[in-house]
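Novice: Quick one: structure below, then a few questions.
What follows is calculated from the coordinates using simple rules that are stated; it is not laboratory data. Predicted model, so just to flag it, every value in this text is computed and none were measured. Methodologically, a virtual Cβ is constructed for each residue, glycine included, from the backbone with ideal geometry; neighbour enumeration extends over all protein chains shown.
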Amino acid sequence: MKPGSDLVVAVSDGKQQSITIIVDGGYTPNRIQLQKGLPTKLIFNRKDSSSCFNEVVLPDFGVSAKLPVNKEHTIEIQPDTAGRYTYSCGMHMFFGEVIVK
């Protein structure tokens with residue numbers, strides 16, 4: 001993760017939250033903040049066709065998903081424990097951070 005990367009807070013309606021992450025040479029935003037206890041939709045929009053971004057892995061949430069090119073792919077997670085969690089491409093070269101508060 002780049003030092004000083006902007007932290008983006010997920011949009012919440014009080015019952016669930018969501019955030020769109022653009023996959024293009026990395027993850028934008030690559031630091032996201034979620035509210036603890038709310039069902040969450042992480043919407044990955046992959047623009048980069050390189051094989052490195054074929055997959056996204058969120059090990060702390062038990063998620064490994066293939067990302068189609070130029071299509072949105074929604075991953076649903078339940079962030080029940082406050083903390084900092086890392087996600088990455090399948091090759092573990094590009095990383096992002098999920099902060100649950």
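Novice: Determine the relative contact order of the chain: mean sequence separation of Cα pairs under 8 Å and six or more apart, normalised by residue count, in whole percent.
Specialist: That works out to 29 percent.
Novice: Right, something else. To the nearest 20 Debye, how big is the dipole of the chain about its Cα centre, given +1 on the beta carbon of each Lys and Arg and -1 on that of each Asp and Glu?
Specialist: 80
Novice: Checking the cross-link filter: which lysines have an alpha carbon closer than 16 Å to that of Lys47, excluding same-chain neighbours under 8 positions apart?
Specialist: Cross-link targets: Lys66, Lys71.
Novice: Scale the Cα Rg of the stretch 7-100 by the rule-of-thumb value 2.2 N^0.38 Å and send over the ratio, two decimals.
Specialist: Ratio of Cα Rg to 2.2 N^0.38 Å: 0.99.
Novice: Can you list the aspartates and glutamates whose alpha carbon is less than 17 Å from that of Lys36, not counting same-chain residues fewer than 8 positions off?
Specialist: The reachable aspartates and glutamates, counting only those whose Cα sits under 17 Å from Lys36, are Asp13, Asp60, Glu76, Asp80, Glu97.
Novice: When Lys and Arg each count +1 and Asp and Glu each count -1, what net charge do the other residues less than 12 Å away from Gln35, Cβ to Cβ, add up to?
Specialist: Surrounding charge for Gln35 is +1.
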